[in-house]
Amino acid sequence: GSTLSTVSEPIYSGSSASLSTDRSSSWQGPVQSVLDRIGDGLQYEGSAWVRLRDSGSASMKMTLHWTDEDGDHYQPFAWATATSEDWVELTGVIDFTDSMTVGTMTVANVYIEGPDAGVDFYADEISLQPVCPTPSTPVPR
């Protein structure tokens, strides 16, 4: 298991951040449902600010997990090396194509994960937004 709590410092922005502690597996960390905000055929940009609680550095990632009629699927799409000295941004784009799901999607979550079990970390400003296509620009004649 793991424990997720809200802290007032350190924070990247706003008035609070999350702290993941007591982690027994590397995948344990903050999770946010995005089921009502995701659909086939679109690109999404994910972003989160992360920081380790103690000294050292560790690889971290953002992963999209979804469940459909074909089972569970996990797709990492953002990576960074976090330290305890400063906030680092995880950022990346996932192309959620029509062929990625089978039937109805019943679960869709974004996870922040990555340091070894027992390594505590902070996360702040977690988001997943659709990437808007670049509007076409008329070419003057």
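The values are calculated or read from the model by the stated rules, or taken from the named source; none is laboratory data. This is a predicted model, so every value here is computed, not measured. Glycine gets a Cβ as well: all are built from the backbone with ideal geometry, and neighbour counts include every protein chain shown. Remember, those area values only see protein heavy atoms, side chains included, never the ligands or the DNA or RNA. Shrake-Rupley method; radii C 1.70, N 1.55, O 1.52, S 1.80 Å.
One table, with the values for the structure above:
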{"read-out": "Residue in segment 113-136 that is over 17 Å from the mean Cα position of the chain (by Cα) and not in a loop (DSSP other than H, G, I, E, B) present", "value": "no"}
{"read-out": "Top-ranked residue of segment 34-58 - restricted to ones that are outside any strand (DSSP E or B) and open to solvent by 60 Å² or more (accessible area, probe 1.4 Å), ranked as modelled with the lowest pLDDT", "value": "Ser55"}
{"read-out": "Subset of segment 9-23 that is among the small types (Gly, Ala, Ser) and part of a loop (DSSP other than H, G, I, E, B) - its residue that is surrounded by the most Cβ atoms within 10 Å (Cβ to Cβ)", "value": "Ser16"}
{"read-out": "Where Val88 falls short, out of the listed (1) open to solvent by 60 Å² or more (accessible area, probe 1.4 Å); (2) farther than 13 Å from Tyr44 by Cα", "value": "(1)"}
{"read-out": "Selection within segment 93-129 - touching a helix residue (DSSP H, G or I) at 6+ places or on another chain (Cβ under 9 Å) and of a type outside the set (Val, Ile, Thr)", "value": "Met105, Ala108, Asn109, Leu128, Gln129"}
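For (1) assigned to a loop (DSSP other than H, G, I, E, B); (2) farther than 15 Å from Asp116 by Cβ, each residue gets a yes or a no:
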{"site": "Ser25", "(1), (2)": "yes, no"}
{"site": "Gln32", "(1), (2)": "no, yes"}
{"site": "Met60", "(1), (2)": "no, no"}
{"site": "Leu90", "(1), (2)": "no, yes"}
{"site": "Val102", "(1), (2)": "yes, yes"}
